[in-house]
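The values are calculated or read from the model by the stated rules, or taken from the named source; none is laboratory data. Just so you know, these numbers come straight off a predicted model, no measurement behind them. Note: ideal-geometry Cβ built from the backbone for every residue, glycine included; neighbour counts use all protein chains shown.
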Amino acid sequence: MALAKRARIKDVAEHSGVSMMTVSRVLSNVGKVSDKTRQLVLSAAQQLNYRPNVAARRLAGSKSFFLGLVYNNPSASYVSQFLLGALKACRAQGYHLVVDESGDELEKCINSISELIEVTQVDGLILLPPLCDEPKIIAALQESSVPFVRISPDNNLNASPYICMDDYQAAFEITERLINQGHSLVGHIIGDPNQGVSRLRYQGFLDALRSNQINLPPEYIVQGNFTYKSGLTATAQLLSLPVPPTAIFAGNDDMAAAAISKAHSMQIDVPEKLAVVGFDDIQLATSVWPQITTVKQPIAEMAELAIEMLVSGKFADITKCSPQNFRHVLDFNIIERESSSRDENK
């Protein structure tokens, strides 16, 4: 679906019966134009809902010093951490950040992005998952000529610059840590099925089991959606199995925190009877007890790099950029905390 077609200077000129040069002079407030002609052009522009073309302004060297961030993510903690990093980077670069939460309906989402571009004249956009994987949104942005950077996309990797980390390898390594601690019954709560990172983390989990010759029954794998509530439901399902898991790898920290809470409510000690690990290392990971062992995803660093990429102007015209330069992979760390560390003295 294309962004809404807008009026051009040519349309304003034809509607008002003057030349495009005259329209340009009126709208730029440059050069001598009679009051009558000025009013005629302004009236035509208003009737046609004309706004300056973003691409044309950019080619002319004009900047708005606004950058946009569009999201529709079920994890408020992830969005908050990314937002703080982006705001910090914008302040350092002398830019303002315009944030917009999209709805679930695709057509309304595209219209919302179109309006954001038209009203704020942003110099670039950041798309968080799962919006970053929506082909129609990508096509609409490419048509608009507004530079954009995607965070952790799973498809159309040659469509734009993007930033990610190795979710697969991180999931593999944190699962293998649980296995090395003696766990063979490891439950997994999959993240939002609309996000590619959920698939990558799930695949890393499965491959870690397979590489250690562990055959896990399918009932130990439960679908979540990156929310605390879904983590509660999934954990209750796992811990109600005839032989419950001795460890749970949750697809993010919101669900890991929920797993710990549900275990407490069922009088199951964490980590003595149940080890729990998560993903992201958001603030919540150190706000619960026991604190969560997790993969530290460089969320703030991703935000800062996205801002730097847009401000640099290197990707202002992606048709002139090599797709080989689109991929930017940041490092991860596994943070060991109390939720998976047994006290050998007990």
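Computed values, structure above
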quantity	calculated
Only listed residue being surrounded by 17 or more Cβ atoms within 10 Å (Cβ to Cβ) and closer than 23 Å to Lys136 by Cβ, chosen from Val99, Val122	Val122
Only listed residue being free of Cβ contacts under 8 Å to residues at least 60 places away in the same chain, at negative phi and not assigned by TED's automatic domain parsing to the domain that holds Asn252, chosen from Ser322, Ser287	Ser322
Which numbered condition Gly187 fails, given (1) surrounded by fewer than 17 Cβ atoms within 10 Å (Cβ to Cβ); (2) touching a Leu at 6+ places or on another chain (Cβ under 7 Å)	(1)
Criterion: of a type in the set (Asp, Glu), under 30 Å from Asn49 (Cα atoms) and surrounded by fewer than 21 Cβ atoms within 10 Å (Cβ to Cβ) - qualifying residue of Glu134, Glu176, Glu107	Glu107
Tally of residues being of a type in the set (S, T, N, Q) and under 22 Å from Leu284 (Cα atoms) across segment 196-248	7
Scope segment 108-143; condition in contact with a Lys or Arg (Cβ under 9 Å, 6 or more places away or on another chain) and among the charged types (D, E, K, R); matching residues	Glu118, Asp123, Asp133
Count of residues meeting criterion [in a loop (DSSP other than H, G, I, E, B) and either in contact (Cβ under 8 Å) with a residue 24 or more places away in the chain or buried (at least 18 other Cβ atoms within 10 Å of the Cβ) (or both)] in segment 202-225	5
Residue check for Leu97: more than 18 Å from Ile282 (Cβ to Cβ) and modelled with pLDDT of 90 or more	yes
Single match in Val295, Val311 (criterion: outside any loop (DSSP other than H, G, I, E, B) and at pLDDT below 95)	Val311
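A quick yes/no check of all residues on (1) closer than 29 Å to Gly251 by Cβ; (2) in the same structural domain as Lys320 (by TED's automatic domain parsing); (3) touching a residue at least 12 places away in the same chain (Cβ under 8 Å):
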residue	(1), (2), (3)
Phe82	yes, yes, yes
Ala89	yes, yes, yes
Asp100	yes, yes, yes
Glu105	yes, yes, no
Ile113	yes, yes, yes
Pro130	yes, yes, yes
Asp133	yes, yes, yes
Val146	no, yes, yes
Arg150	yes, yes, yes
